[in-house]
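Just below is one structure, and these are the notes that go with it.
The values are calculated or read from the model by the stated rules, or taken from the named source; none is laboratory data. The model shown is predicted, which means the values in this text are computed figures rather than measured ones. Ideal geometry is used to build each Cβ from the backbone, glycine not excepted, and the neighbour counts take in all protein chains shown.
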Amino acid sequence: MSIGTEITGGSAPEPTMEVAIKIWRYDSQTGERALKLYEVEAPEWACLLDVLDIIKDRVDGTLAYRKSCRMMICGSCGMRMDGGAVLACKERMKPIVDRGHVPVISAMGNMPIVKDLVVDMDPFWSKIRAMKPWLQPGYQEPPEREYLASQEQMNPIHKEALCIMCGCCVSECNSMESDPDFLGPAALAKGFRFVGDPRDGADIERLNEYNSEHGIWDCTRCYFCNERCPKGVDPRDAIAKLGAESVRQGIDHDLGAKHAKWFVTSTKTTGWLRETELVPKTQGIVSAIKQTKFALGLARRGKVPLPFPPHVAEEVREARALHDLLKEQNRRGAAGIVQGERGLARIERTDEGGAKRDIAEITPGEEPAAAGS
């Protein structure tokens, strides 16, 4: 690490550092792709976006990338660092330099590359538009008085409302990589932003559309979107809310919905998933008969337990009690997942990698619990 020597107006020299990064350069017109190493001097406070600016200003003016607000608000500077999507304005470089690591910077995934680190966002926006991202209140004439929703009513969509449309979740989506037509985590999170809004009157229509082919149930639950979201939107949780709300509203024509319903029924009655009944309950008897040969092959290798007598978990009462409690509290559909989110919010990770219980901040619109409760 070197120390800057320039002194302006008698002030102390600004500490600097030598930063090395590798950038995948790409020209969509020629198809040429090359990994280039850049080494520059940058202030110790520099983020990845600052380093890119220095490279463009002082080393190579042909480097292409997007930026705007520089404050983790606009979402323009989404790109990949070492294979994972990040916001360039959020990634501080000093810890990386101190480790002696040379990161590899590339364009986001699952979107066509225009040049270098710039991707074509048109496929992204087309799926956002497919969600009809505007309120559909369901009345012909607006009411005489303003419709006011309480904070408690709006809490279930608090996280989804934080989305800045950066595309980091889409970049890392396994389902979109295998099926480009999958609606994707950003669009579906935006969908729940309106399904969960108490002012919207088109929730049934929306859920039916989102349950179509390439919709809600095509998510593989890899949770990469949650891991890479820079704003804590947790798109996978939003998709889970859409699925739970679909089942609650009786929209269960997709095999994914049938699978989820049987999973709940199975765990409620026996405390575990009865796999031998999964195919007939999810795909139907005809499909189960067609897969008999495959099932017998699994059975010969001890991969399928005998269906009779059904195995019942020793503490099955706990699974049933949990189901009854959610029903008693009316935590059906998305409300049950929102309850889980609040529970997870009470867990604070420690530096040692463990977890400890702590007093959670009061969610806006909620009353603090009474002392000793």
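Give the residues of segment 253-283 that are of a type in the set (Asp, Glu) and surrounded by fewer than 18 Cβ atoms within 10 Å (Cβ to Cβ), sorted by residue number. Spell out how you get there, then give the answer.
If we filter segment 253-283 for residues that are of a type in the set (Asp, Glu), which is where we start, we get 254, 275, 277.
Selection gives Glu275, Glu277.
Taking the condition of being closer than 17 Å to Asp237 by Cβ and among the small types (Gly, Ala, Ser), how many residues in segment 163-184 meet it?
Residues flagged as closer than 17 Å to Asp237 by Cβ and among the small types (Gly, Ala, Ser) within segment 163-184 amount to 2.
Just a yes or no: is a residue in segment 294-311 under 30 Å from Asn208 (Cβ atoms) and at pLDDT 70 or above? Quick ask: steps written out before the conclusion?
Just the residues of segment 294-311 that are under 30 Å from Asn208 (Cβ atoms), to begin with: none.
Within segment 294-311 (the criterion being under 30 Å from Asn208 (Cβ atoms) and at pLDDT 70 or above), the answer is no, since none of the residues qualifies.
Would you be able to say whether some residue in segment 234-247 is charged (D, E, K, R) and closer than 29 Å to Val312 by Cβ?
Filtering segment 234-247 for residues charged (D, E, K, R) gives 234, 236-237, 241, 245.
Still in the list and also closer than 29 Å to Val312 by Cβ: none.
Within segment 234-247, none of the residues are charged (D, E, K, R) and closer than 29 Å to Val312 by Cβ.
Criterion first (at pLDDT 95 or above and assigned to a helix (DSSP H, G or I)) does Lys190 satisfy it?
So Lys190 fits the description; yes.
Looking at segment 139-159, can you tell me whether even one residue there is in contact with a helix residue (DSSP H, G or I) (Cβ under 6 Å, 6 or more places away or on another chain), assigned by TED's automatic domain parsing to the domain that holds Asp234 and surrounded by 13 or more Cβ atoms within 10 Å (Cβ to Cβ)?
Yes: segment 139-159 contains one or more residues that are in contact with a helix residue (DSSP H, G or I) (Cβ under 6 Å, 6 or more places away or on another chain), assigned by TED's automatic domain parsing to the domain that holds Asp234 and surrounded by 13 or more Cβ atoms within 10 Å (Cβ to Cβ).
Tally time: how many residues in segment 297-314 are surrounded by fewer than 10 Cβ atoms within 10 Å (Cβ to Cβ), of a type outside the set (Gly, Ala, Ser) and part of a loop (DSSP other than H, G, I, E, B)?
5
Conditions tested, residue by residue: (1) touching a residue at least 12 places away in the same chain (Cβ under 8 Å); (2) surrounded by fewer than 16 Cβ atoms within 10 Å (Cβ to Cβ).
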| site | (1), (2) |
| --- | --- |
| Glu39 | yes, yes |
| Ala46 | yes, no |
| Gly61 | no, yes |
| Cys69 | yes, yes |
| Ile73 | yes, yes |
| Ser76 | yes, no |
| Gly84 | yes, yes |
| Ala107 | yes, no |
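Taking segment 127-141 as the region of interest, how many residues are modelled with pLDDT under 80 and either under 11 Å from Arg199 (Cβ atoms) or basic (Lys, Arg) (or both)?
The total comes to 1.
What single numbered condition from (1) under 30 Å from Arg199 (Cβ atoms); (2) among the acidic types (Asp, Glu); (3) not assigned by TED's automatic domain parsing to the domain that holds Ile204 fails to hold for Asp98?
All conditions are met except number (1).
Condition (residue is surrounded by 11 or more Cβ atoms within 10 Å (Cβ to Cβ), more than 30 Å from Asp120 (Cβ to Cβ), among the acidic types (Asp, Glu) and out of contact with any Leu (no Cβ under 8 Å at 6 or more places or on another chain)) applied to segment 14-25: is it met by at least one residue?
Yes: segment 14-25 contains one or more residues that are surrounded by 11 or more Cβ atoms within 10 Å (Cβ to Cβ), more than 30 Å from Asp120 (Cβ to Cβ), among the acidic types (Asp, Glu) and out of contact with any Leu (no Cβ under 8 Å at 6 or more places or on another chain).
Residue by residue through segment 210-234, note down the ones that are outside any loop (DSSP other than H, G, I, E, B) and more than 21 Å from Gln283 (Cα to Cα).
Of everything in segment 210-234, those that are outside any loop (DSSP other than H, G, I, E, B) and more than 21 Å from Gln283 (Cα to Cα) turn out to be Phe224, Cys225, Asn226, Glu227, Arg228.
Looking for something on the phi < 0 side of the Ramachandran plot, in contact (Cβ under 8 Å) with a residue 40 or more places away in the chain and among the hydroxyl-bearing types (Ser, Thr, Tyr) - is there at least one such residue anywhere in segment 270-282?
Yes, because at least one residue in segment 270-282 is on the phi < 0 side of the Ramachandran plot, in contact (Cβ under 8 Å) with a residue 40 or more places away in the chain and among the hydroxyl-bearing types (Ser, Thr, Tyr).
Matching residues to (1) touching a Pro at 6+ places or on another chain (Cβ under 7 Å); (2) under 29 Å from Lys231 (Cα atoms):
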{"site": "Ala12", "(1), (2)": "no, no"}
{"site": "Val40", "(1), (2)": "no, no"}
{"site": "Val51", "(1), (2)": "no, yes"}
{"site": "Cys69", "(1), (2)": "no, yes"}
{"site": "Ile96", "(1), (2)": "yes, yes"}
{"site": "His101", "(1), (2)": "no, yes"}
{"site": "Gly109", "(1), (2)": "no, yes"}
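Please return the ranges of helices (runs of 4 or more DSSP H) entirely within segment 235-296 where 2 or more residues are among the hydroxyl-bearing types (Ser, Thr, Tyr), over 28 Å from the mean Cα position of the chain (by Cα) and in the same structural domain as Pro310 (by TED's automatic domain parsing).
Of the helices (runs of 4 or more DSSP H) lying wholly inside segment 235-296, those with at least 2 residues that are among the hydroxyl-bearing types (Ser, Thr, Tyr), over 28 Å from the mean Cα position of the chain (by Cα) and in the same structural domain as Pro310 (by TED's automatic domain parsing) span 255-270.
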